[in-house]
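Asks: One structure, pasted below without further comment.
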Amino acid sequence: MERILVIGGARALGAAVARRAVKDGYDVVVGARDLAAADVLAGEIGATAVRIDLQDESTIAAAAEQLKDGVDHLVTTGSAPHDVRATDLDRDKLVTAFTAKVLGPLLVSKHFAPVLRPTGSMVLFSGVVGWRPGPGSLVKGITNGAVEYAARHLAADLAPVRVNAVSPGVIDSGAWDRLGEAKAGLLDKSATGTFVGRHGETEDIVDAVMWLLRAGFVSGETIHVEGGARHRSA
């Protein structure tokens with residue numbers, strides 16, 4: 001049975017990937033900063049849990065040691081948005097955002113390279129904002145765009161381990177529930193900005209991730225799952 005570690009796997013898209021992976025017959029390890037939340041999900045779906053905080057390299061190293069008998073696939077979904085204009089940038093929040101999307105996954109590759117089996121893969125998470133510049137999305141756009149280059153260069157560095165990225169559009173994953181009644185308007189607006197006439201669903205992203213795990217001749221690529229939104233005018 002292949003083992004998959006899902007970092008950020010205790011909530012939202014990460015949890016959805018973990019759930020599907022269990023159903024598809026993988027040995028799933030839920031990695032999260034909040035170990036209690038990871039334990040709850042792991043107990044619910046028949047997985048195991050490990051503490052990984054992308055902001056703390058020591059937790060990454062400890063997890064790699066804990067899983068030193070081997071990992072086939074690694075998915076990292078971490079993010080830490082800092083949605084402000086350039087004049088309002090906060091250095092600490094800026095570093096946190098880059099660590100969640102770029103520096104953290106690079107440190108994951110550092111510690112897990114000896115653990116990842118050569119037929120395995122890594123899947124990083126980017127986002128459509130990297131290709132749709134706009135006021136207030138400076139940090140999210142640059143970090144998401146950087147993930148594309150991270151996947152490409154890590155694929156060369158870790159070969160034959162495959163490294164790819166998924167770039168979601170606006171997805172109804174639960175992340176927008178905090179908007180209350182305004183959520184419906186945001187999703188409707190997103191739908192009109194795609195070629196397919198709808199917003200994304202969690203299963204759209206999970207399908208893409210699971211395909212990449214099995215796509216043995218795909219490496220160094222970013223798979224855009226956003227209905228063509230980046231090709232539409234803003």
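Asks: Taking the criterion of being hydroxyl-bearing (Ser, Thr, Tyr), within 15 Å of the chain's Cα centre (by Cα), surrounded by 18 or more Cβ atoms within 10 Å (Cβ to Cβ) and not in a helix (DSSP H, G or I), would at least one residue in the stretch 206-219 satisfy it? Before the answer, list the steps.
Replies: Residues of the stretch 206-219 hydroxyl-bearing (Ser, Thr, Tyr): 219.
Filter once more, so that each one left must be within 15 Å of the chain's Cα centre (by Cα): none.
No; the residues of the stretch 206-219 include none that is hydroxyl-bearing (Ser, Thr, Tyr), within 15 Å of the chain's Cα centre (by Cα), surrounded by 18 or more Cβ atoms within 10 Å (Cβ to Cβ) and not in a helix (DSSP H, G or I).
Asks: What number of residues within the stretch 22-60 satisfy the criterion of being out of contact with any Gly (no Cβ under 9 Å at 6 or more places or on another chain), more than 28 Å from THR96 (Cα to Cα) and of a type outside the set (D, E, K, R)?
Replies: 5
Asks: Across the stretch 83-125, which residue is farthest from VAL170 (Cα to Cα) among those that are polar (S, T, N, Q), assigned to a helix (DSSP H, G or I) and in contact (Cβ under 8 Å) with a residue 40 or more places away in the chain?
Replies: SER109
Asks: Kindly evaluate VAL71 against the criterion of being open to solvent by less than 10 Å² (accessible area, probe 1.4 Å), within 29 Å of VAL170 (Cβ to Cβ), touching a residue at least 40 places away in the same chain (Cβ under 8 Å) and of a type in the set (Val, Ile, Thr).
Replies: Against the criterion (open to solvent by less than 10 Å² (accessible area, probe 1.4 Å), within 29 Å of VAL170 (Cβ to Cβ), touching a residue at least 40 places away in the same chain (Cβ under 8 Å) and of a type in the set (Val, Ile, Thr)), VAL71 does not qualify.
Asks: A follow-up question, please. Does at least one position in the stretch 183-195 carry a residue that is aliphatic (A, V, I, L, M), over 25 Å from ALA156 (Cα atoms), out of contact with any Phe, Trp or Tyr (no Cβ under 7 Å at 6 or more places or on another chain) and exposed (fewer than 13 other Cβ atoms within 10 Å of the Cβ)?
Replies: Taking every residue of the stretch 183-195 in turn, at least one turns out to be aliphatic (A, V, I, L, M), over 25 Å from ALA156 (Cα atoms), out of contact with any Phe, Trp or Tyr (no Cβ under 7 Å at 6 or more places or on another chain) and exposed (fewer than 13 other Cβ atoms within 10 Å of the Cβ).
Asks: Do we have ASP72 as among the acidic types (Asp, Glu), assigned to a strand (DSSP E or B), farther than 19 Å from VAL147 by Cα and over 14 Å from the mean Cα position of the chain (by Cα) here?
Replies: yes
Asks: Scan the stretch 121-140 and give yes if some residue there is surrounded by fewer than 16 Cβ atoms within 10 Å (Cβ to Cβ) and more than 28 Å from ALA229 (Cβ to Cβ), otherwise no.
Replies: no
Asks: Scan the stretch 138-156 and give yes if some residue there is of a type in the set (Ser, Thr, Tyr), in contact with a Lys or Arg (Cβ under 7 Å, 6 or more places away or on another chain) and either assigned to a helix (DSSP H, G or I) or modelled with pLDDT under 95 (or both), otherwise no.
Replies: yes
Asks: A further question follows. Take ALA62 and decide whether it is open to solvent by 10 Å² or more (accessible area, probe 1.4 Å) and either assigned to a strand (DSSP E or B) or modelled with pLDDT under 95 (or both).
Replies: no
Asks: Here are the criteria: (1) within 21 Å of the chain's Cα centre (by Cα); (2) free of Cβ contacts under 8 Å to residues at least 40 places away in the same chain. Tell me which single one ASP188 does not satisfy.
Replies: If we test ASP188 against (1) within 21 Å of the chain's Cα centre (by Cα); (2) free of Cβ contacts under 8 Å to residues at least 40 places away in the same chain, just (1) comes out false.
Asks: Need pairs with beta-carbon distance below 9 Å; first residue in a strand (DSSP E or B) and within the stretch 1-26, second open to solvent by less than 20 Å² (accessible area, probe 1.4 Å) and among the hydroxyl-bearing types (Ser, Thr, Tyr); sequence gap 6+ or separate chains.
Replies: As it stands, the answer is LEU5/THR76; VAL6/THR76; ILE7/THR76, since those pairs meet every condition given.
Here is a yes/no grid of residues against (1) under 30 Å from PRO135 (Cβ atoms); (2) among the β-branched types (Val, Ile, Thr); (3) surrounded by fewer than 19 Cβ atoms within 10 Å (Cβ to Cβ); (4) at pLDDT 95 or above:
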{"site": "ALA21", "(1), (2), (3), (4)": "no, no, no, yes"}
{"site": "VAL40", "(1), (2), (3), (4)": "no, yes, yes, yes"}
{"site": "VAL50", "(1), (2), (3), (4)": "no, yes, no, yes"}
{"site": "SER58", "(1), (2), (3), (4)": "no, no, yes, yes"}
{"site": "GLN66", "(1), (2), (3), (4)": "no, no, yes, yes"}
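Asks: Just to be sure, is VAL166 in contact with a Lys or Arg (Cβ under 8 Å, 6 or more places away or on another chain) and modelled with pLDDT of 90 or more?
Replies: The answer is no for VAL166.
Asks: Among the residues of the stretch 68-79, which ones are modelled with pLDDT of 95 or more and touching a Lys or Arg at 6+ places or on another chain (Cβ under 8 Å)? First the steps, then the outcome.
Replies: From the stretch 68-79, those modelled with pLDDT of 95 or more are 68-77; that's our starting set.
Answer for the stretch 68-79, where residues must be modelled with pLDDT of 95 or more and touching a Lys or Arg at 6+ places or on another chain (Cβ under 8 Å): GLY70, VAL71, ASP72, HIS73.
The values are calculated or read from the model by the stated rules, or taken from the named source; none is laboratory data. Just so it is clear, the structure is predicted and the values come from calculations on it, not from any experiment. Reconstructed Cβ throughout: ideal geometry from the backbone, glycine too, with neighbour counts over all protein chains shown. SASA here: full protein model, heavy atoms, side chains in, ligands and nucleic acids out. Shrake-Rupley method; radii C 1.70, N 1.55, O 1.52, S 1.80 Å.
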